[in-house]
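Each reported figure results from applying straightforward, stated rules to the coordinates on display, with no laboratory input. All values derive from a computational prediction rather than experimental measurement. Every residue, glycine among them, receives a Cβ derived from its backbone with ideal geometry; neighbour counts consider all protein chains shown.
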Amino acid sequence: MSKLHSIARAASDDLRARVHFCPETGQIWLHEHRMLLVHAEAQALLRKELIDSLGMDRARGLLTRMGYASGLRDAELARTRAQNCSDLEAFMTGPQLHTLEGIVHVTPVKLDLDRASGRFYGEFLWENSWEGQWHRHHYGIHTEPVCWTQIGYACGYTSAFMGRPILYKETECVGMGNNNCRIVGKPIEEWDDAAEHTRFFRPEAIADQLIELQTQVGQLRGAIAGKEKLPADLVGTSPGFTAAYDLLKHAAASQITVLLIGETGVGKELFARALHALSPRRDRAFVAVNCGAIPNELVESELFGVEKGAYTGALVARAGRFERADGGSLFLDEIGELPLPAQSKLLRALQEGEIERLGDNKTRKVNVRIIAAINDDLRQRVKEGRFRSDLYYRLNAYQVNIPPLRERKEDISLLAKRFLEKYCAVHAKKLRGFTDKAKRALLTYSWPGNIRELQNTVERGVILAPSGTRIEVEHLFSALAEAQAREFGLDVDGSLGVHQGGSTAALCEAIFNGVMTLDQLEVMLIETAVDKARGNLSAAARMLGLTRPQLAYRLKRLHEADASGSVLEGAAPADASPGPR
Ligand SMILES: [Zn+2]
């Protein structure tokens, strides 16, 4: 070992003589290589930022390769020296440079090499490892060695010097809590787990990966934004609603005629407007016509326009809805009500894109997208000869079925909330929402008139409820509707008659059909008990077979669910709840 040490000392002296500081030119030279004297702390901060932004693994790769590149440069110098001295002496250039450069103090422990045969074994003690100390400073004790740049240097240097791949590993490292670092190097084939380490020497296309990830994030953001951007009045998250809306979206970009089918009041016009808003025609006119609301003798002039003098009373020429919708969309509601002559003209407009005003024989070109709607099955009208089959097939190219509200129970809360906000604004009223009984009534009612009925009901509630209060059941429903609501499990006073004969089945049905959840049932039981006990929690708890703390806990939990939930779901005792007393 003393021989190794004296070689090392000689190399060190020689190398120091090769370092030149040139303040005049602002350059530092090590033999032929320009060097930098940098702040270790600044370098450590760069290293930290690499780790924090890229993760340990990627940063380790980058740093290892950076060290490897330094090792290659220093090996050039070692090889020029090898012409005048032994392999062993020449090799010590690397460890001495590593020391001189301020990276780590290297002491050879065991070194056996022969460049001709390619034999190599090296063991070194590393003291004052720059990298290990800073890593420990920033991240604390690590489970694996952390002197990545330095290991990279040793590998690059020795591989270049020996002309064959030599791999080093740290057997001890200050980063792992050892007092010093210790490294062992030998030809790559002599390591069993070489692959685990050599992967860090392969450059990664990090930029490509970052760009790829950025693109993905952008697409995901777009998808999320697209999802949130439901047209203003279209509200819903239920599977039925979502399926219909998805169908609509797929048709939006094309010119295809869309036929909307759904019961009265399901919001067909809203869907039609949404289709228009999603289409490339969004900046042009959206014209809506209810074919069932126009007297038969006027339908043609309404749709296709009139020339002056076409009939008695036609004093001026007037464009029809088709012309007004030119470039945009024409929504024909209740299209089944269209009289047969108008159906022929409509078919021609669809097929040729041409119309003629009443009393005119000039053909006008129109570019209109038709959105048609009907309440029932058009096929019956076709069978009865009241609707042209060719027009039916033309219109039926793309059907979108809009489910009735009773099949969209999940959406009732959202819709009720929306209407509440709307009508509070319209009627300049401040209300605190719905009472729990009112919430339950909204959920259990069957809504034969669909969304329109819900909308009217909420508006009625907003008008009748005193400002500053919550809307109650009686503000929402007339006696008649309330009677119907009872069929769905509601009592006169709005609570489900659990103890009354026959109601148990209705209650079970309500839960099986998703009309009510178990949580809501729990709320009802607790509420009823608290009501009966006149707010005395201990008495209410006895009624429920619970301890008072158990009941208080449930109330708290339900109250929290209500605070985080929507207006109706999880109908928890908000104002109705007395809270722990
Ligand atoms: Zn180390």
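Set the Förster radius R0 to 35 Å, insert the Cβ-Cβ distance between residue 171 and residue 20 as r into 1/(1 + (r/R0)^6), and round the FRET efficiency to 0.05.
0.45
Scan segment 253-348 for trypsin sites (Lys or Arg not before Pro) in coil per DSSP, keeping those whose Cβ has at most 12 other Cβ atoms within 10 Å, and list them by number.
Qualifying residues, ordered by number: 308.
Taking the Cα centre of the chain as origin and charging only Cβ (+1 Lys, Arg; -1 Asp, Glu), how large is the dipole, in debye to the nearest 20?
1040
May I ask you to list the GluC sites (Glu not before Pro) in segment 9-54 that are in a DSSP loop and have at most 12 other Cβ atoms within 10 Å of their Cβ?
24, 32
Counting helices only, and only those DSSP H runs with n ≥ 4, report the 222 nm mean residue ellipticity of the chain as the sum of -39,500 (n - 2.57) divided by its residues, in deg cm²/dmol to the nearest 500.
That calculation yields -15500 deg cm²/dmol at 222 nm.
Take residue 48, project a point 7 Å from its Cα along the Cβ direction, then tell me which residues of segment 116-144 have their backbone nitrogen under 11 Å from it.
134-140
I need the shape label for segment 53-103. Rule: rounded when a/c is under 1.5, else prolate if a/b > b/c, else oblate, with a, b, c from the alpha carbon gyration tensor.
prolate
What does the highest-first list of 247-256, 74-83 look like by mean Cβ count within 10 Å?
My ranking of the peptides, most packed first, is 74-83, 247-256.
Sorted from largest to smallest, which semi-axis lengths in Å does the alpha carbon gyration tensor of segment 273-423 give for its equivalent ellipsoid, taking the root of 5 times each eigenvalue?
Working from the Cα gyration tensor, I get semi-axes of 30, 19, 15 Å.
Where Rh is the Kirkwood radius over the Cα pairs of segment 347-422, the temperature 10 °C and the viscosity 1.306 mPa s, what D in µm²/s does Stokes-Einstein return?
My calculation gives 99 µm²/s for D.
So what is Rg over Rh here for segment 18-113, counting just Cα atoms and using Kirkwood for Rh?
A ratio of 1.03.
Binning at 5 angstrom from zero up to the longest distance, how are the C-alpha pair distances of segment 229-310 distributed in percent?
3, 11, 21, 21, 16, 12, 8, 5, 2, 1, 0
Run through segment 403-456 and list the trypsin sites (Lys or Arg not before Pro) located in a DSSP loop whose Cβ has at most 10 other Cβ atoms within 10 Å.
430
Where does segment 106-182 land on Rg(C-alpha)/(2.2 N^0.38 Å)?
Compactness ratio reported: 1.17.
Once fully extended, how much extra length lies between residue 422 and residue 28, figured as 0.36 nm per residue of separation less the alpha-carbon to alpha-carbon distance?
Full extension of this stretch gives 134.4 nm more.
Points 7 angstrom from Cα along the Cβ direction at residue 519 and residue 429: gap in nanometres?
My value for the distance between the label points is 2.8 nm.
Take the Cα radius of gyration of the chain and divide it by 2.2 N^0.38 Å, with N its residue count; two decimals is plenty.
For the chain, the normalised Cα radius of gyration comes out at 1.67.
Once the dipole of the chain is set up with Lys and Arg at +1 and Asp and Glu at -1 on Cβ about the Cα centre, which of 435, 327, 537 lies farthest towards its positive end?
About the Cα centre, the residue reaching furthest to the positive side is 327.
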